[in-house]
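So the structure is just underneath, and the comments pick up after that.
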Amino acid sequence: MMGRVICLLLVGVLAIGAACLAVPVIVEQVLDSEPGFGLYLWFDDDFGWTHTLEDGVSPTWLFGAATLTIKANDVDSPREQDLIYADGGLLGALFGSTGTTTETTFTIADLASLVGDRAVSIFLDIDSTNGNWAVTILESVLRYRYMLPRAHVDIESLDAPVGAGGATGAPGGEVQIAILNSGAATYIGPCEVFAGLAYTTSWLPEAVTIFDTFDAGIVELVPGVPLTLTFPLAAVPPALLDLFHTRLADVWTGYEDDDPRDYVGFFVRFDGLPTVVDYLPLP
């Protein structure tokens, strides 16, 4: 029995804004040398074969309908009724004509329900009406799709010291960021935190000036188990604060009806996952 992945799309996750989009993997498993294949067989020569999931693929990852394509020679349909079953359920009859090679494709609506043991048994009832017909099976192809489970991380809470005059991160202060993986897979990989001055308006894009960073190293985020990152936050350099507020004042001269909002933004970045963000308003 031979199986191979012949079409593999980008595996993993793509970050689009704050969303996490997984890309499906398409598998096409080709069997062409199973016992009984290539032989000219009659109504009393019924036989079967087995398709299995690729190594490492869980039935719970499958989605959408699967297809089973049977290549056969000398199917004299409709007089010859060669019936195909999947785990005992009838899929239908092969299609063809005398002396020709044809392909018949069947839809398996819920493959996951059939492969709890990671395999689906295919059975061929040759010439089911015993009309003295024969057929040759050349190939069986199972096509299915699956999605890799993925992590999805959110900031659950953020606690940072705020000093007098809008200075965030008084000397000796610590920041605590609680993050939670609400996805289905464990994330193990790099984690970095960036703290910066930011402002947001109704018509200007957000601008951020990074003033402190923290490398949390390799973290493990188990689904449903919160993880708290704690790191010292240096005082915002006064010159940077002055520059920040001066810039805001320049931007908003003449726009007193609008309300510029200054923040300290915390950006937590993971390898291959979307960056998560939270803000603390400056006093």
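Every number in this text was worked out from the coordinates using simple rules, so none of it is lab data. Values in this document were obtained by computation on a predicted structure and should not be read as measured data. Positions of Cβ are generated from backbone atoms using ideal geometry, with glycine treated the same way; all protein chains shown enter the neighbour counts.
Here are a few things to note about the model shown:
- Under 12 Å, Cβ to Cβ, from G183 - net charge with Lys/Arg +1 and Asp/Glu -1: 0
- Net charge, H152 excluded, C-beta distance under 15 Å - Lys, Arg +1, Asp, Glu -1: -1
- Alpha carbon convex hull of the stretch 28-179, projected area averaged over orientations, nm²: 13.7
- Radius 13 Å from Cβ of R118, net charge of other residues (Lys, Arg +1; Asp, Glu -1): -4
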